[in-house]
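Note sheet for the following structure.
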Amino acid sequence: EAQELARRQGIRGRYVPAENLHLTLAFLGECGSAAPVREALRSVDFAPFQLVLSGTGSFGRIFWLGVRENPCLTALSENVRAALSQHGIFFDPKPFKAHITLIRDASGTNGKALSIPPREMTVRKFSLEKSEMGRGGVKYTELFAFRADMGKRSDLQAGSLFLSAQTR
């Protein structure tokens with residue numbers, strides 16, 4: 001819906017395919033085996049929570065959909081980052097800024113803020129995603145996922161996910 005509204009308002013660029021829309025909790029960059037990351041993230045516990053998607057903005061030529069401030073999301077990001085740190089796993093230390101990238105190399109924004117009706121969603125899991133550049137752009141592959149309220153974690157089958165810790 002947000003991307004369609006952007007198109008109608010004349011914003012051009014590389015629109016992120018729907019299956020690639022995600023919110024990054026921590027960016028790991030290049031990493032070897034996923035096993036240490038999996039072990040670190042087993043300790044992250046969280047309950048399902050509601051997110052409200054609202055507002056738009058940009059970082060340079062990246063046009064994004066905002067996420068209302070949410071203490072549960074902030075805690076999840078902090079807990080993911082703390083678990084990675086405790087296991088000596090490097091991640092990009094930039095402060096967490098909750099957003100979903102909609103358009104890369106965006107032009108025609110002219111400082112536009114789209115009026116998008118707020119949307120609620122329930123967060124029930126997060127995952128580690130491997131991202132690979134290819135001819136058609138970035139391809140994401142789920143390596144493993146953790147569901148809310150599982151106590152000791154067990155891996156889930158691949159599926160569409162929203163919250164992601166990514167690898168390149």
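The values are calculated or read from the model by the stated rules, or taken from the named source; none is laboratory data. On a predicted model such as this, the values are computed, not experimentally measured, just so you know. Here the Cβ positions follow ideal geometry from the backbone for every residue, glycine too, while neighbour counts run over all protein chains shown. To get the accessible areas, we keep the full protein, side chains included, count just its heavy atoms, and leave off ligands, DNA and RNA. Shrake-Rupley method; radii C 1.70, N 1.55, O 1.52, S 1.80 Å.
Brief remarks follow.
- As a length-normalised measure over Cα pairs under 8 Å and 6 or more apart, the relative contact order of the chain settles at 35 percent.
- Given (i) 0.97; (ii) 1.01; (iii) 1.36, the label whose value is Rg/Rh (Cα atoms, Kirkwood Rh) derived from this model: (i)
- Taking the C-alpha atoms only, the angle from helix 71-86 to the longest principal axis of the chain is near 50 degrees.
- Length gained on full extension, Ala18 to Asp45, computed as 0.36 nm times the residue gap minus the Cα-Cα distance: 7.0 nm.
- Portion, in percent, of the accessible area of the chain that falls on carbon or sulfur, probe 1.4 Å: 51
- Where the chain is the region considered: accessible area per residue in Å², 1.4 Å probe: 55
- Thr122 - accessible surface, heavy atoms, 1.4 Å probe, Å² rounded to 10: 50
- Point-to-point label distance, Phe96-Arg147, nm (Cα→Cβ direction, 7 Å offset): 2.2
- Residues of the stretch 117-134 with amide N under 19 Å of the 7 Å Cα→Cβ point at Arg38: 125-132
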